[in-house]
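Each remark here refers to the structure printed beneath this line.
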Amino acid sequence: ELRHGGKAKNTTRMVTAYKKVRSIIEELWENNPIKPLVMGPACTGTSEFKQLLETLGPFIDIATYHKYHGSGKDSSIVKRARKPEFYTHPISNGGQSKWVENYMSNNLVRAQLWIGEGAMLYNSGRHGVTNAFIGSLWFANLLGSLPKSNPLPHSVYCRQALIGGYYELISHERLDPNPDYWVAFLWKRLVGTRAIGPIISSNRVDSFELSKQFTFGCCKKPGQ
């Protein structure tokens, strides 16, 4: 994360460094259509992201930020995660994500949009939720939502973490895959890059039952 003590520091120095990296890439790969990609600012919080993106935007190929949806220390999450209303659109229900999309769209930022670090809950997740099947409902819903985020789709979601804490994909206690590992595995194995949903979402106002359902459509991967 491009910050220290919870705040972005020395923005001018960051911009100078990014500008230099961009210059080096353009010089070394001048005639090569395939070049290294520069990403940033890899931060949390709307004000911090705005400050850094406004200055780093011209020099990055991938705009990346961190996104969590609650605290692992929140004891009420166990009860709330069992209710349909918890599974509202995991991107549109957060002011930060919506601001990022709108800012990049309105300012014609050319970069791809990634969530460079994320999980259901920060503070290392919560045992029995983020490493259990109930957390996989949230994860699958997230993966279905990201390609259709509006006005700007997310290209990549980087999950925190492969191993470590209780939001891990592989248990550090058993070294066995957690349920979210299989969600990610099947998504990567079966789902292509073209999204055609959502077909049913929580925006439905004509039916209370349908408002609790989410159906996302994606084209299958070639060869599947």
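The values are calculated or read from the model by the stated rules, or taken from the named source; none is laboratory data. As the structure is a prediction and not an experimental result, all values here were calculated from the model. Here Cβ is always computed from backbone atoms with ideal geometry, including for glycine, and neighbour counts include all displayed protein chains. Ligands, DNA and RNA are excluded from the accessible area calculation, which covers all protein heavy atoms including side chains. Shrake-Rupley method; radii C 1.70, N 1.55, O 1.52, S 1.80 Å.
The residues of the range 151-182 that are among the hydrophobic types (A, V, I, L, M, F, W, C) and closer than 27 Å to residue 61 by Cβ, listed by number, are 152, 156, 158, 161, 162, 169. When the range 110-137 is filtered for residues that are more than 13 Å from the chain's Cα centre (by Cα), of a type outside the set (A, V, I, L, M) and open to solvent by less than 20 Å² (accessible area, probe 1.4 Å), the ones remaining, listed by number, are 125, 130, 135, 136. Inclusion of residue 84 among residues that are touching a helix residue (DSSP H, G or I) at 6+ places or on another chain (Cβ under 9 Å), farther than 30 Å from residue 20 by Cβ and modelled with pLDDT under 85 is warranted.
Does the range 49-67 include one or more residues that are among the charged types (D, E, K, R) and part of a strand (DSSP E or B)? Yes, because at least one residue in the range 49-67 is among the charged types (D, E, K, R) and part of a strand (DSSP E or B). For beta carbons closer than 7 Å, sequence separation of 6+ or different chains, a first residue in the range 175-194 that is within 12 Å of residue 133 (Cβ to Cβ) and a second that is outside any helix (DSSP H, G or I) and of a type outside the set (A, V, I, L, M, F, W, C), the qualifying pairs are 178/131; 178/168; 178/171.
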